[in-house]
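This report refers to the structure that appears directly beneath it.
The values are calculated or read from the model by the stated rules, or taken from the named source; none is laboratory data. Values in this document were obtained by computation on a predicted structure and should not be read as measured data. Cβ: placed from backbone, ideal geometry, glycine included. Neighbour counts: every protein chain shown.
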Amino acid sequence: MAKRKKRTSKSSSKILTYIAWFLALIALVLSTLVAGYYYGYDAAKNDIAKKEKTEKEKRLSMLQKLEDASAKRSQTDVNERLKEVLKNNTKQYSGASHEYDEVVQVQPQQRDIKKVAIKPKLAIIIDDVSVRSHVNAIKSLNIPLTMSFLPPSSSRPNSAKLASKEKFYMVHLPMEAQNFSAEEPLTLRVSDSQKIISERIQELKKLFPRVKYINNHTGSKFTSSEVAMNRLIYVLNAHNIYFIDSRTTAKTKAPSVLKNYGLNYVARDVFLDHESDKAYIKTQIKKAIKIAKLHGTAIAIGHPHANTILALNESKKLFKDVELVYVNRLY
């Protein structure tokens, strides 16, 4: 009987061993399957992520192209609208301008370099404004540009009425030039007496009752005469009107005359459109911004020409480094 029990015990032990190996084999197979599943899942997941990233990049690239195309079309549309606006009333604008033949030789005023903590200020004056199309084109830019209106004349009778509708404006006062063929009516001359100059300014005050700033239209001969400038500044000072020198001559006597009256000398730094090429005007805009950064303030002068308006519109991103202001906020 004892021998039978021993054989039965050995047989049971073998069966348990086989069962253990079988279970181990099943566990190995299951582990392999699970590992394979997760490996395949991760690989598939990564593959899907890569595909989604690629698709997203494609979509973003397509959207960027569409945005660029839309912006280009929008810019073209704006330019076309501005050109259309400028077509109106152009026959009334005979191209009054500064003495360009002399302006080439006129250097910007010498100023000290200043480091300012606040954002530099740039004022852009648009001279020769005289008809509705000029006002419409300038205002369509939606940036603060100082409009300097020519006094009324037979060819532009409504300039004062147009100015009266603006919150802020200047008067672009015609003054005698050394050499200029298209002289404006009632241009102030070096030979004019104090009485004549005083009467002219009083007349302008009636036409432009809110005028606080005047700059010269042409005027290379007038501003280079100390006697003539003294007569003008005397009456302007009496009416609380400030003179801004367009600097059409390097021989201007405005600095010394203003100093005698205890007044600051304020003058333009850059002419934007001495040349009518749009690329040149954009270069001048950059120059004006650079000067503003160096000195804290700057004044640029342009005219209501189509390319000047278009160049300003296309340069709006450049103005982020300065604060565009009306000229009365500079000083």
*asked:* Could you go through region 220-241 and let me know if any residue there is within 30 Å of Ser133 (Cα to Cα) and assigned to a strand (DSSP E or B).
replied: no
*Given the structure, is Arg247 of a type outside the set (Val, Ile, Thr), surrounded by 21 or more Cβ atoms within 10 Å (Cβ to Cβ) and either within 29 Å of the chain's Cα centre (by Cα) or assigned to a loop (DSSP other than H, G, I, E, B) (or both)?*
yes
*Pull up region 266-304, narrow it to residues that are without any contact (Cβ under 8 Å) to a residue 40 or more places away in the chain and over 13 Å from the mean Cα position of the chain (by Cα), then point me to the one that is farthest from Ala177 (Cα to Cα).*
Ala279
_Single match in Ala160, Ala123 (criterion: in the same structural domain as Ile299 (by TED's automatic domain parsing), small (Gly, Ala, Ser) and assigned to a helix (DSSP H, G or I))_ = Ala160
*Collect the residues in region 188-201 that are assigned to a helix (DSSP H, G or I), within 13 Å of Tyr234 (Cβ to Cβ) and out of contact with any strand residue (DSSP E or B) (no Cβ under 9 Å at 6 or more places or on another chain), keeping them in residue-number order.*
Gln194, Lys195, Ser198
*Given the residues Ser256, Ser276, which is the only one that is in a helix (DSSP H, G or I) and not charged (D, E, K, R)?*
Ser256
